[in-house]
2 protein chains.
Amino acid sequence: MKVKDIGEFALIERIAQIVEQADERVILTIGDDTAVVKKTELDYALLTTDLMVEDVHFTFKSITPHQLGYKSIAVNISDIAAMGGLPRYAVVSLALPPETEVAYVEDLYRGMAEVSRANDVRIVGGDVTRSEKLIINVALMGEVEEEKLSRRSDAQACDIIMVTGELGASAAGLRLVLHPDIEPKVKNAAALKMAHFQPKPQIKAGRILSSLGVNAMEDISDGLASEVAHICEASGVGARIHLNKVPIAAGVDNVAALTGERAIDLALSGGEDYGLVFTLSPHLQGAVERAFAEAGLKVTVVGEVLEGSHGITVIDWAGAESPMKQSGYTHF
Amino acid sequence: MKVKDIGEFALIERIAQIVEQADERVILTIGDDTAVVKKTELDYALLTTDLMVEDVHFTFKSITPHQLGYKSIAVNISDIAAMGGLPRYAVVSLALPPETEVAYVEDLYRGMAEVSRANDVRIVGGDVTRSEKLIINVALMGEVEEEKLSRRSDAQACDIIMVTGELGASAAGLRLVLHPDIEPKVKNAAALKMAHFQPKPQIKAGRILSSLGVNAMEDISDGLASEVAHICEASGVGARIHLNKVPIAAGVDNVAALTGERAIDLALSGGEDYGLVFTLSPHLQGAVERAFAEAGLKVTVVGEVLEGSHGITVIDWAGAESPMKQSGYTHF
């Protein structure tokens with residue numbers, strides 16, 4: 001059964017049933033001109049949006065509808081995590097060819113519902129329209145306390161730089177998708193692909209860090225190198241990254257060897273890991289490590305913030321210092 | 001100069017300069033992971049979103065970038081007007097071919113900035129990405145007092161039905177665009193095309209009406225017939241529309257005669273007029289008319305709400321009653 005067989009309104013009804021979730025704060029959900037929610041309790045509202053276009057960000061072959069739906073919401077939740085905030089309400093715009101299978105759309109929204117429920121997000125409205133290619137736009141509203149807000153521009157000279165989790169898994173997972181022939185030679189291929197398709201937004205880690213008073217924070221969407229560069233540029237500081245300290249996910253070296261790349265490059269520039277990179281006063285390091293150990297989460301020191309805008313350097317395994325390559329994704 | 005010549009970050013900087021507007025409530029605007037705004041003062045937050053795709057909703061030839069930008073924001077503001085609310089903060093996702101002229105993008109955002117400033121909206125963030133066709137998604141956050149919220153489902157049997165402004169101008173303007181040969185024969189062609197390209201969201205009218213306590217309210221995006229049908233379906237009531245009372249904009253009859261259509265059909269089903277249609281207890285009619293006269297706005301009674309879900313009928317000029325044709329736009 002195709003979307004054109006059931007029409008716009010029946011499609012919206014099916015979507016509403018999939019994403020429906022009781023919430024006394026939601027006054028009006030899918031079906032009126034706008035969604036209506038009770039105002040957020042915290043000081044600040046957060047607003048973020050992300051657009052995914054078929055054949056630019058994904059292809060029908062490269063990702064299942066469930067994964068695509070999951071990811072479209074997850075990347076927005078990750079932006080809220082980077083502010084130290086809590087995600088709350090999402091509106092989803094969907095454009096698709098009339099020949100799209102209704103089951104495809106339902107799986108898409110099941111993926112959205114999965115990550116939304118796991119992160120206390122409600123999908124409260126949206127827009128459905130026709131187009132040649134599949135297009136998904138998610139706008140997400142969150143909230144944060146004034147004193148917990150972590151800005152990109154808050155890095156201070158002499159801060160240390162830490163990252164949550166491990167890096168490179170998403171990039172390695174993408175390579176497994178692009179080169180399925182190497183998959184049998186990689187031990188934890190499934191976990192690496194999962195990291196690529198269904199990244200876990202780090203809301204819990206972000207809340208711990210914002211409560212402890214870290215300075216600048218970013219989610220690692222473009223790769224560690226790019227995110228550190230963004231922080232440094234916004235904060236007017238430099239940075240030094242120690243390559244031997246960068247936590248690389250298991251199996252990334254395995255994949256890199258098979259594709260003729262370096263694991264450290266996947267970790268630094270692969271992107272889409274959606275962990276958090278943050279800077280903090282050194283005296284907070286112990287508190288962060290204790291809080292993360294208690295929460296069962298991993299956190300690692302990878303470098304230092306340096307005074308002045310003198311760029312970012314890396315210290316390699318031999319102790320030699322060189323300017324960091326920045327190869328984060330740019331759209332044009 | 002093309003977008004690919006200056007790259008993503010330089011483009012975002014230019015956009016930020018165009019939409020920048022001082023506002024002490026905006027804590028972080030374009031340039032961080034999310035926008036941050038002080039929480040809204042009123043009880044409820046409103047969230048709406050709208051996606052426009054090249055060759056589906058517009059073509060490069062059919063609309064100037066300024067008009068396109070204006071319209072992309074205006075249709076969202078109109079949804080907030082329909083709730084009786086105040087629009088506040090927008091995030092804009094833009095996908096475009098790398099070969100797009102930078103000047104085109106700047107004009108697009110100038111159009112967005114124009115209607116945003118006129119309606120006290122701040123563009124606080126967004127997403128820019130590459131695609132084959134131009135895609136614009138706007139998500140808009142607004143606010144409203146609990147007691148002023150107008151739901152689609154609030155129509156009551158014995159309510160009267162009123163509309164703001166005049167109808168059919170946008171549809172007539174669209175016909176002038178599609179058939180430029182008839183333009184010289186139409187007196188107020190410029191005004192009709194303006195109504196199509198730069199509709200005025202009725203925030204002021206919506207606020208007057210929500211303060212006076214009208215019942216159901218909708219903005220007229222799909223055409224009066226469709227909007228009344230939506231209200232009736234959501235409220236479990238019927239309705240009767242008097243064709244001789246429907247306020248038709250000047251020049252619509254002129255255009256309709258030239259295209260072989262009926263002016264009343266453009267008014268009932270043309271859509272995109274973005275006035276408001278609402279139902280209210282008859283005893284409020286005088287108060288609404290006085291408030292609108294004071295504000296220099298037009299408002300007209302066009303029909304009545306009827307008990308029970310017996311559909312919608314029209315009374316024609318001869319006094320004959322017949323079921324109303326519903327020909328609002330559906331996307332599939």
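The charge dipole of region B:3-146, taken about the Cα centre with unit charges on the Cβ atoms of Lys, Arg (+1) and Asp, Glu (-1), comes to about 200 debye, rounded to the nearest 20.
If you take the accessible area of A alone plus B alone and subtract the pair, what total do you get in square angstrom, rounded to 100, with a 1.4 Å probe? Write out the running numbers ahead of the final one.
On the way: alone 15510 and 15520 Å², together 25510 Å².
Summed over both sides, the interface buries about 5500 Å².
Of B:Arg88, B:Arg152, B:Arg290, the residue with the greatest mean-square motion in the GNM of chain B, using alpha carbon springs below 10 Å, is B:Arg290.
I want the antiparallel fraction of DSSP beta bridges within the protein assembly as shown, as a percent rounded to 5. Before the final figure, lay out each step's value.
Values: 90 of 120 bridges.
Restricted to the protein assembly as shown, the bridges split so that about 75 percent are antiparallel.
Our summary gives region B:176-274 a relative contact order of 40 percent, counting only alpha carbon pairs under 8 angstrom and 6 or more residues apart. According to the Kirkwood relation over distinct C-alpha pairs, the hydrodynamic radius of the protein assembly as shown is 26.2 Å.
I want to check a number: in region A:150-323, how many lysine pairs have alpha carbons closer than 15 Å, given a sequence separation of 8 or more or different chains?
4
Any aspartates and glutamates with Cα under 12 Å of the B:Lys148 Cα? List them, leaving off those in the same chain fewer than 8 positions away. Cross-link targets: B:Asp43. Here the dipole of chain A is about 600 debye; that uses its Cα centre as origin and unit charges on the Cβ of Lys and Arg (positive) and Asp and Glu (negative). Plainly put, the tip 7 Å out from Cα toward Cβ on B:Lys38 is 2.3 nm from that tip on each other copy, the closest given first. With each label modelled as a point 7 angstrom along the Cα→C-beta vector, the A:Ile315-A:Glu233 pair spans 2.6 nm. Using alpha carbon centroids, what distance separates region A:181-201 and region B:50-67, in Å? With region A:181-201 and region B:50-67 each reduced to a Cα centre, they are spaced 40 Å.
Where Rh is the Kirkwood radius over the Cα pairs of region A:54-127, the temperature 25 °C and the viscosity 0.890 mPa s, what D in µm²/s does Stokes-Einstein return? Intermediate values should be presented prior to the final figure.
Values: Rh = 12.9 Å.
This corresponds to a translational diffusion coefficient of 190 µm²/s.
Apolar share of the accessible surface for chain A: 50 percent from carbon plus sulfur atoms, 1.4 Å probe.
Above 23 Å, the calculated P(r) of region B:150-323 contains 39 percent of its Cα-Cα pairs.
Within the listed set A:Asp219, A:Asp43, A:Asp273, the Gaussian network model of chain A (springs between alpha-carbon atoms below 10 Å) gives the highest mean-square fluctuation for A:Asp43.
Dipole magnitude of the protein assembly as shown about its Cα centre, charges +1 at Lys/Arg Cβ and -1 at Asp/Glu Cβ only, in debye to the nearest 20? Can you show the working numbers first?
On the way: 60 positive and 94 negative charges, 66 e Å.
In total the dipole reaches around 320 debye.
Both radii were evaluated on the Cα set of region A:3-147; the Rg over Rh quotient, with Rh as the Kirkwood radius, amounts to 0.97. Across peptide A:49-61, the mean count of Cβ atoms from other chains lying within 10 Å of each residue's own Cβ comes to 5.
Sorted shortest first, the distances from the A:Ile182 label point to those of the same residue in the other copies are 6.2 nm; each point sits 7 Å from Cα along Cα-to-Cβ. Straight Cα distances below 14 angstrom link A:Lys4 to the aspartates and glutamates A:Glu99, A:Glu101, A:Glu132, with same-chain residues fewer than 8 positions distant left out.
Probing with 1.4 Å while keeping every protein chain in the model, the per residue accessible area of chain A equals 38 Å². Between B:Lys245 and A:Glu24, the distance separating the two model label sites (each 7 Å from Cα on the Cα→Cβ line) works out to 4.2 nm. Hey, in the GNM for chain B with a 10 angstrom Cα cutoff, which one of B:Phe278, B:Phe60, B:Phe292 fluctuates hardest? In the Gaussian network model the winner is B:Phe60.
Bridging of A:Lys2 to lysines at a Cα separation below 23 Å is possible for A:Lys61, A:Lys133, once same-chain residues fewer than 8 apart are set aside.
The mean number of Cβ atoms from other chains found within 10 Å of a Cβ in peptide A:226-235 is 1, as a whole number. Scaling against 2.2 N^0.38 Å puts the C-alpha radius of gyration of chain B at 1.03. Find which of B:Ser78, B:Gly223, A:Val228 sits farthest along the positive direction of the dipole of the protein assembly as shown, computed with +1 on the beta-carbon of Lys and Arg, -1 on that of Asp and Glu, about the Cα centre. The residue sitting farthest along the positive end of the dipole is B:Gly223. Residues whose amide H falls under 5 Å from that of A:Ile312, counting only those 5 or more places apart or on a different chain, are A:Ala239, A:Met324, with hydrogens built in the peptide plane.
What number, in percent, do you get for the relative contact order of region B:165-219 if the mean sequence gap of Cα pairs under 8 Å and at least 6 apart is divided by its residue count?
Details: 30 pairs, mean separation 20.4, N = 55.
It comes to 37 percent, rounded to a whole number.
Before anything else, pin down the relative contact order of chain A: Cα pairs under 8 Å, at least 6 apart, normalised by residue count, whole percent.
On the way: 745 pairs, mean separation 71.6, N = 332.
Relative contact order here is 22 percent.
Amide H contacts under 5 Å for A:Ile27: A:Val36, A:Val37, A:Lys38, restricted to partners 5 or more places along the chain or on a different chain, H placed in the peptide plane at 1.01 Å from N. If you average the alpha carbon positions of region B:244-307 and of region A:245-323, how far apart do those two centres end up, in angstrom? Taking the Cα centre of region A:245-323 as reference, the centre of region B:244-307 is 63 Å away.
Put the Cα centre of region B:89-118 next to the Cα centre of region A:71-103 and the gap is 22 Å.
Per-residue Cβ counts within 10 Å, from other chains only, averaged over A:22-32: what number is that?
Details: counts 0, 0, 0, 2, 0, 8, 8, 0, 0, 5, 14.
Average per residue, whole number: 3.
The values are calculated or read from the model by the stated rules, or taken from the named source; none is laboratory data. Quantities reported herein were computed from a predicted structural model and do not represent experimental measurements. All Cβ positions, even for glycine, are placed from backbone atoms using ideal geometry, and neighbour counts span all protein chains on display. Accessible surface is based on the protein model in full, side chains and every heavy atom, while ligands, DNA and RNA are left aside. Shrake-Rupley method; radii C 1.70, N 1.55, O 1.52, S 1.80 Å.
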